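First comes the structure, then the notes that go with it.
Values quoted throughout were computed directly from the atomic coordinates according to the rules given, and no laboratory measurement underlies them. Note that the structure is predicted; figures quoted are calculated from it, not measured. FYI the Cβ positions are ideal-geometry reconstructions off the backbone, even for glycines, and counts take in every protein chain you see.
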Amino acid sequence: MSYQLTPIIIKGDYRRLFIITLLLFFCSTSVNVFAQQVHFTHDFAPTEELVPPQEKPFRSSICLNGEWQFLPVEKAEKLGIEKIKNPELPENPDWETTPVKVPSPWNVNSFARDNSSGGDFLTYPSYPKKWESIRAGWLMRTIPYKKEWKGKRLILRFDAIGGYTQIFINKHKIAENFEVFLPFEVDVTDEIKPGKDNEILVWVADAQLFNQPGKYGRRIYVAGSFWGQHAIGIWQDVNLIAKPVVNIQNTFVKPSLATDMLTVEATISNTSDKVREVNVSGDVSPWVNLAGKDVISAPEPKWELGTTALSFPGKKISINPHSQATLSLSIKVNGRLKEWTTEHPNLNGLILTIKDGNNEIDKQYTRFGWREFTLQGSKLCLNGKPIVLKGDSWHFMGIPQMTRRYAWAWFTLLQNSHANAVRLHAEPYPSFYLDMADEMGICVLDETGMWASDGGPKIDAPDYWKNSDEHLRRFVLRDRNHPAVFGWSVCNENMPIVLNVFHAPDSLVKRQVAEINKWIAITQGLDPTRAWISGDGETQAIATMNSPVIIGHYGGTDENYRDLSSKGKPWGIGEAGMAYYATPKQSAEYNGNRSYESQQGRMEGVADEATKLINMLKKYKASYMSVFNLVWYGVKPLELGLADTTRAPKPSDGIFFGKYREGQPGVQPERLGPYTTTLNPGYDPSLPLYKTWPLQIAVSNSFADTTIQKEEIVPAENVTVNHTAVVNNVILLSTDKDSVLYKTLSDMGVLVHTLPVKNGHNLLIIDGEHTPDDARSLALQKTISQQGGNVLIWGADPSSIKAVNKYLPFPTELTNRKATSFITIGTDPVINGLGNADFYFSEVSDKPIMNYGLSGDLIKHSTILLDACNTDWRTWNKRAEYLKTAAVLRSEREYKPEGKALITVDAGAGKIYFFAIDPALLSATSVSLVRHMLVNLGVDFNGKANTNTAFGTDGKLHSALLLASFDVSGKNDNEIGKINQLKDLKPEDYLADKQVENHFWENATTPDGTFDFSKFHFDGPTTHAIAYLSFWIYSPHSLTNLLLEPDLPRLDMYLNADDGYQVYLNNNLIKETINAGGLTSPAQVIKALPLEKGWNHFVIKAIQKEGSWKLAIGIDCDKKAFLNEIKTQVTH
C-alpha cells in the first residue's frame, strides 16, 4: 500500500508540537488519515496465463489484453439493422487519442449511475465522457507473427464481448458473434501472415440496437440483467492460442461415486489433410492449493499437482482429416481420490496426453473434483449423503466484481454466515467465480442469462428462442467440469412475466413452457451427471414443467411453502424476503415505528422477517434456501477510499491502481469508487472485509443449525398522552390574499373566525408563510396566550421569519432542510395517538413536505416534538437495486442542516406550537393527519367539507370531471374512434371551468355509480355524441416493474357502457369498444392496469349512438389491502 500526504502549513510555536504529535500518531497506526488517495499496489484481478505449464511446450498462448485503438460510430441507432450487420470497413480511420484498455467496455463509466446518487462507478477516469453514449464502434490492435507458430493451429479466443460482434483479420471477416457472456473461438491459422504485423479489427454494436419493442417483450438476444444489458465492448480476456495440428478439443470429466467409476470423454480434433491414428492416455494427480491465507494472497492463484494418484491406460482412436472424434476413458477409483465436499473441497488435475507412435504431440489439463450430486426422493445428496444448501445470489455488477478477490470475499462472507451455496444470478458469471467456488467448497447453482424479470425477452420472436438455445449450449459446455456446480438454473422468472406482466395469450404461455422444457432437455443431453435442473421462480408452471426440482420465489407464507413441499420433489426457495424492495411501511409490520427511523431500523424489520421465512423453510424441509440477499443487502456499501463520508464522493476519492500493463490477463481498472461494493478484499486498510446489517446476523444465526429461531414482531407504539381536548374557537392570521391556509381549513370543515371568543377557549393559527406583524395581530396573540389559549404557527418561509419571530419568546432561524418523513421525538397532546408512520410521506409525495427546518435559540428552549428523518427514504423506495443501497446510506451520512419540524414552547398560560411543514402540501398529502392533529388541539369540524375523491368505498366511480358533449352524427365507428378533442391538453387543463372547444369541464357526481348523461345539464346533444370523463388514481409504486417488488398487486377496471367507450391512461389508449352491450351485459375488464408510481390520469371517452347513454366504472384488486393504499381524485 502507498499513501500520499496532503501538505499542511503550521505557523508559529505550534509547529514543533504538531510535528511531535504527528510522529506519535504514525507510530501508532498504519492508516494515513491525511491521504489524498488510497493506492492498491497488487493486481486487481490476479489471473493465470490461459495455457498452464502442464500443457507446454505443446501449446502456448499470448494474452492480447492491452491498449486497443478505438473508432466510435456516433448515432449508431440511425444505421439500421442491415448496416449494422454489414459495416463498412474504416478507411484512413481517425482513431481516438485515448485507447480502450481491453478488457473493458468503452461505455463502462455510465454503468449503474443516476445523478451520482448511488455508488461511484467511475472506473476508468481517462475515458472521454462522450464514450458513454456511443453505441457502436471499431476496436483494433496488431500482433506480430511468431516463428514458433509454424505448423500450429492458431486460435483466437474472446472470453466475452458485449454486443453484436464481427471479427476481421487483415480486413477479412472471419467470425460473427451475438452472445454477451460466453467465450467463442475462431481458427485464424490461414489469416495470420508471417513476416508482418497482423491487424485484428473488431466491430461491436450495442445489442439493444436489435430490439423489437412489442406487447410481449423487446429483446431477441440473451441479455441477462444490469451489466449484460449495459456493457458494449470487449469485457473479458482476449488470447491467441497455438495448438498442435492434432489436439484435444475439449474434455468432459464424469465422476460417479455410486459406481466408483471415473469416466472421461475427450474430443480429439484432426486439422491435418490425412487420417491420424493416435493414442490417448491420462494421469490424475491431487491439486494442491498453495495460496496464502491472508486477505491479499488468499485469492491469488498458486498451486501445484501432487504425485499421480491414478492413470488411464492408453486408448487408440482414428480421426479423419479435418474432423473430430470422441473417445471415452474409464477407471475404477478404489479410494485413490479424496472426495470433494463443502468442508473439504479436494480437487484433482487430469492431464490427457496424445501420442503419435512414441511421440507426445499434445497435452491438455482439466481440473475436477471427485464428487457426485444426486436426487433421492425429495432430498438432494452430495456423495450419497443428504445436504441442505443454504445460499445467496446477486446480480453481476461489472468492474468491482471482475476479480477473484471479489469472489473470495463473497464466499468468505457466506462461510462466515454458515452458508454453503450460491446462485450466480441472472447471467453467466466469469469462470473464475466457479474456480473460487471449486477451491472454497461453495456449491453453485449455475444460472443462464434467460432472465425475464424486467419484461425484456421477446417471447413472440423466433430469434429469441434460437439465441437462447445457443446460449444454453455454450454455457453448459463451459462450466460442466466444475465440481462446485451442483445444478443448472435454466431461467429466472419467465413465467411470472408471461402471466402477470404480459398477460400473454394461452398460445404464448404454452410456448414459454415448451421452451423451458426444451432447455431442460438440452441441459440433460449435454450434462447427464447432474440431476438438478431448475428454473428459478417458475412455480406457475409446476404441473407442466419437466424440472426434477422446484424452486420458488417470494410468496413467503406457510400455505405456499407447504404446497411446494408436497410435490414429492426436492424443493427450495431461491429468493425470499423483502430486503430489496420493502419500504419502511412494509418492514414496520415486524418492528413498528423503528422501521421509519433509519436504514438500520428498516433492516431490523427485514431481519425479523428473514428469521420467520427460514424457520418455515426448515419446517417443510427445503433442500435449498436463500434469502435475497446477503452480499448486497445483508452487508453495507463500503466507502472505499473516502475518509470524509459527510460529503459526496469526488473523482479524487476511491481506490487507485498501478500502471496499466500490456498483455496481462484480467481486468485492470484505473479506480474503484466509494460505495460500489460491499466487500473490501484488502483495497482499503481502514475498512474491514465487510460491515454487517441486521439481516446478515439474522440469516447467519438461522443458518447455523436446524433449530427454529425465535421470531420477533414489535407492535407500533404511538405517542400516548392522557389528555382531553376542549373545543376551541379557531382564529386565523394571514396576509395571503388568496388565503390558501384558510381554504385548506375550510375544505376540511373547519369554521374559521376572525375574533376570539370572550372568556372561551381559542386556538390562534398564524400563517407561517404569510405572517402579519401589525400591532393588532401581535396583541391578539399575547391576549390568547395569557388566557391559556394555544397558538399554532403553521408553515415556514424565509421571507416571513422576521415577522414570525415577533410572536416567539426566543428567536428562531430557518435552515434549508427538505424532508418527506419525520420522526416523533417528545410527547404532547398535539401528536397524541400518532407515530412515525403517520408522519411518513415518502411514498405518497415526490415533493418535499417541508422545505425549511427550525433552528436557533428557540430550539434550545423548546420541546422538540417532530424532527426531519435523517434518512431520505426517496433514495430507497422503488429505486433501482444497483442504486438504492448506496443512495440511502449516503442520505444518512452526508451533511444536511438541522431540521426540526414541530416544537412547542410555553407562552403565558398556554403554548406556542411552531409547525414547519407546508400546510398546503401536508393537507393535500394526508388530510387525515391534519384532522387528527387539529382534533388534538380542540378543533371542531362543524363546517361543510369539500371532497375531491373520485371513487367511493364501494370501488365505483362516483365523481369526475365531465366535458360534454360533441356531436358525431353522420360519422362511422372508425371515424368516431379517431376523434380526440383532448390530444393537445396539458395536465393543468383538466380543471373545472377550463374551456375546450366552446365547452367547459364541470364536476359531475352520481350517487349510485352510474353516469346517466341524459340527466346532466350540458351544452350539446345527448344522442350521436361523445363526452369525456377525467379522474386520477394514485399508486404508491409501479405496477409494471417486477424489479421493484415481487408479487405485485393486480388492479383491474370494470366498465359497463351504453353504448361505447375509449379508455386513456396517461395519454395512451388502453381499451376501446364502440358497442359495449349496455349496463345489463357482463362488465368488460381491463386486467392489470399498468399504473406507474404516483398520480395516473384516466380519461374515458363515452360514446353514444342511440338510445340510452350510461357508463359505470369500478375498480378491484386481487390484494384487497392495496385498495387502501391507492388514492383517487377528480382533479390533481
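Quick check on segment 241-299: take the gyration tensor over C-alpha atoms, sort the square-rooted eigenvalues as a ≥ b ≥ c, and tell me if it's rounded (a/c under 1.5), prolate or oblate.
Numbers: a/c = 3.56, a/b = 1.56, b/c = 2.27.
It is oblate, given that a/c is not under 1.5 and a/b is not larger than b/c.
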Inter-part gap, Cα centre of segment 910-974 to Cα centre of segment 663-719, in whole angstrom, is 44 Å
Residue by residue, what Karplus-based ³J(HN,Hα) values in Hz, rounded to whole numbers, does segment 338-346 have, using 6.51, -1.76 and 1.60 with θ = phi - 60° and x for Gly and Pro? 7, 6, 8, 9, 5, 7, 9, x, 6
Longer than 20 Å from Cα to Cα, which of K56/K355; K466/K510; K75/K130; K782/K900; K171/K193 are they? Say none if no pair is. K782/K900
Restricting to the chain, compute how many DSSP beta bridges are antiparallel as a %, nearest 5. 80 percent
Through the Karplus equation 6.51 cos²θ - 1.76 cosθ + 1.60, θ set to phi - 60°, convert the phi angles of segment 142-148 into ³J(HN,Hα) values in whole Hz; use x for Gly and Pro. 10, 9, x, 7, 9, 5, 5
Amide hydrogen neighbours beyond the local backbone of L866, cut-off 5 Å, H modeled: I825, G826, A901, L902
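Determine the gain in length on full extension of the stretch H42-E1125; use 0.36 nm per residue of separation and subtract their C-alpha separation, reporting nm with one decimal. Don't skip to the end; give the middle numbers.
Working: separation 1083, 0.36 × 1083 = 389.88 nm, distance 5.27 nm.
Value of the extension gain: 384.6 nm.
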In sequence order, calculated HN-Hα J values of segment 375-389 (Karplus, 6.51, -1.76, 1.60; Hz; x Gly/Pro): 10, 10, x, 9, 10, 9, 10, 10, 6, x, 10, x, 9, 9, 9
Need the full-extension length gain, E712 to V727, defined as separation in residues times 0.36 nm minus the C-alpha distance. One decimal, nm. 1.3 nm
Over all alpha-carbon pairs of the chain, lay out the pair-distance distribution in 20 Å bins, whole %, shortest bin first. 10, 33, 34, 17, 5, 0
With a Förster distance of 56 angstrom and the Cβ-Cβ distance between A704 and R1050, calculated FRET efficiency to the nearest 0.05 equals 0.90
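Show me the ranking of peptides 357-364, 1088-1095, 117-124 by mean Cβ neighbours inside 10 Å, starting with the highest.
117-124, 1088-1095, 357-364
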Could you work out how far apart the two model spin labels at E49 and N358 are, taking each label as a point 7 Å from the Cα in the direction of the beta carbon, and quote it in nm? 3.0 nm
With +1 on each Lys and Arg Cβ and -1 on each Asp and Glu Cβ, how big is the dipole of segment 920-973 about its Cα centre, in debye rounded to the nearest 20? 120 debye
Using amide H atoms built 1.01 Å from N in the peptide plane, name the residues 5+ places from A291, or on other chains, whose amide H lies under 5 Å from its own. K302
Sequence-distant or interchain residues sharing an amide H contact under 5 Å with L310, placed H: which? V284
Determine the principal axes of the Cα atoms in segment 959-1129, then give the extent along each, sorted from largest to smallest and rounded to whole angstroms. 49, 36, 32
Label point at T308 placed 7 Å out along Cα→Cβ; residues across segment 268-290 whose backbone nitrogen lies under 15 Å: 280-286
Helix hunt in the chain: which complete DSSP H runs extend at least 24 Å axially by C-alpha with mean Kyte-Doolittle at least -1.0? 506-526, 599-619
Express in nm, to one decimal, how much length is gained between R473 and K860 on full extension, taking 0.36 nm for each residue of separation and deducting their alpha carbon distance. 132.3 nm
Taking the Cα centre of segment 959-1129 as origin and charging only Cβ (+1 Lys, Arg; -1 Asp, Glu), how large is the dipole, in debye to the nearest 20? 260 debye
Of K101/K650; K254/K458; K983/K1105; K78/K1087, pairs whose Cα-Cα distance is over 31 Å: K254/K458; K78/K1087
Spin-label model distance (nm) - T529 vs H1097, 7 Å beyond Cα toward Cβ: 6.2 nm
Going by average Cβ neighbours within 10 Å, how do the peptides 387-400, 808-821 rank, with the highest at the top? 387-400, 808-821
Compare the Cα positions of P87, L139, T189 along the charge dipole of segment 53-243 (+1 at Cβ of Lys, Arg; -1 at Cβ of Asp, Glu; about the Cα centre) and return the one farthest towards the positive end. T189
Using a 7 Å offset from the Cα along the Cα-to-Cβ direction at both E74 and E1002, what is the distance between the two label points in nm, to one decimal? 5.7 nm
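For the ranges 528-536, 563-571, what's the packing order if you count other beta-carbon atoms within 10 Å of each residue, average per peptide, and put the highest first? Intermediate values should be presented prior to the final figure.
Values: 528-536: 21.6, 563-571: 18.1.
Ranking, from highest mean packing down: 528-536, 563-571.
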Looking only at segment 499-538, which residues have a backbone nitrogen under 15 Å from a spot 7 Å from the Cα of S328 in the C-beta direction? 525-530
Lysines within cross-link reach of K802: Cα-Cα under 16 Å, excluding same-chain residues under 8 positions apart? none
